[in-house]
Amino acid sequence: MKAMLLSHPGPAEQSPLELTDLPTPTPGDDEVLVLVHTCGICHTDLHTVEGEISGKLPVVPGHQIVGVVEKIGRSAGLFQIGDRVGVPWLHRTCGECEFCRSDRENLCERAQFTGFHVNGGYAEYAVVPTVFAVGIPDGFNDAHAAPLLCAGIIGYRALRLSNVRRQQTLGLYGFGASAHIAIQIAIRWGCEVFVATRATEHQRLAKELGATWVGHAEDVPSGALHAAVIFAPAGLLVPEALRALRKGGTLALAGIYMTPIPEMKYERLYHERVVRSVANATRDDARQLMQLAGEIPIRTEAQTFPLADANRALLALKQSEIHGAGVLIIDR
Ligand SMILES: [Zn+2]
Ligand SMILES: [Zn+2]
């Protein structure tokens, strides 16, 4: 099968992914083989490719896979051949550690992640344990469904962890793939959404999707927000978002990686403001997001690239030049 393989991490400008022929994987007993139609690109892929985080090497990145089941392992009876499925970031958990036993499998001590510890979806095929695959709501084509699988799921979990309540004000910092989905859920909940982003294209999309206010982070009025989520991997946004956060509000940090958080005065945090990170997501998050996506229905913006152009897609992501979400199309 064709795959974009990462052997040596490096700056996206140097095209670290190589188009390679790999053996088509064989599903294990509890796995299915998925014929990949599309795979979304994510900031986590960029951090992997550039070496800021590392799992196994060489690796095929990609953890927002949409495809159809082509082969089924002996005990993997949840799906039928030909079913359309999504493959998210969480590939497998141990089921035994304290986190798995307390509904926090996203924190599993031995979690494996798609496109990080095992090969992912920048390829013609991928395997997934059947219980970690998720159904895709009707009404989404393969390209528009892909961003739901990480951008959507993480955005949803970040909103939940921000503790935002219906009708409250919410700040979103950074407006890429995840935020453009999260805003639609927040508006469905009746929230007033403030979007802080530099890119004028992103500001335009935020307005179009119903943002009450768009502008730069430093211009968000002090105390305007009941809750906030930072999607951009920029630590300097933390004190800025705290300034805009009301007493008792929560600031959730949605990224897997962030530049250092600058020193700040304690008063930014005082009055029971909470800063918390968001790490991965559970299967429940995935199922709930998929259900919401179908009900609202969430509209995703997909900018598509052929598989062989994955390096160019990641570079565009790095330069904030992707409109909505970037998605690789795996043509045969
Ligand atoms: Zn575990
Ligand atoms: Zn991701």
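The values are calculated or read from the model by the stated rules, or taken from the named source; none is laboratory data. Values in this document were obtained by computation on a predicted structure and should not be read as measured data. Positions of Cβ are generated from backbone atoms using ideal geometry, with glycine treated the same way; all protein chains shown enter the neighbour counts. Protein only, heavy atoms only, side chains kept; ligands, DNA and RNA dropped before computing areas. Shrake-Rupley method; radii C 1.70, N 1.55, O 1.52, S 1.80 Å.
Overview of results
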read-out	value
Lys, Arg +1 and Asp, Glu -1 on Cβ, resulting dipole of the stretch 182-332 about Cα centre, debye, nearest 20	220 debye
Helix 177-188 vs. the chain, principal-axis angle (Cα, 0 to 90°, nearest 10)	60 degrees
Mean Cα-pair separation over length for the stretch 1-148, i.e. relative contact order, pairs under 8 Å, 6 or more apart, %	30 percent
Contour excess over end-to-end distance, with Cα ends at SER54 and ARG246 and 0.36 nm allotted per residue	65.5 nm
For peptides 307-315, 135-143, sequence by mean Cβ density within 10 Å, most packed first	307-315, 135-143
Folded to 0 to 90 degrees: helix 283-295 orientation relative to the chain principal axis, Cα	80 degrees
Average Cα contact separation per residue, the chain, under 8 Å, 6 or more apart, as relative contact order %	19 percent
Reach of LYS2 by Cα under 28 Å, taken over lysines that are not fewer than 8 positions away in the same chain	LYS56, LYS71, LYS318
Straight-distance crosslink candidates among lysines, where the alpha carbon sits under 27 Å from LYS265 and sequence neighbours closer than 8 are dropped	LYS247
Carbon/sulfur fraction of accessible area - the chain, other protein chains in place, 1.4 Å, %	49 percent
More than 15 Å apart - percent of Cα-Cα pairs taken over the stretch 185-234	45 percent
Nearest-10 value in Å² for the accessible area of LYS2, using the 1.4 Å probe	90 Å²
Formal net charge of residues neighbouring ARG273 (Cβ-Cβ distance under 12 Å; K, R +1; D, E -1)	+3
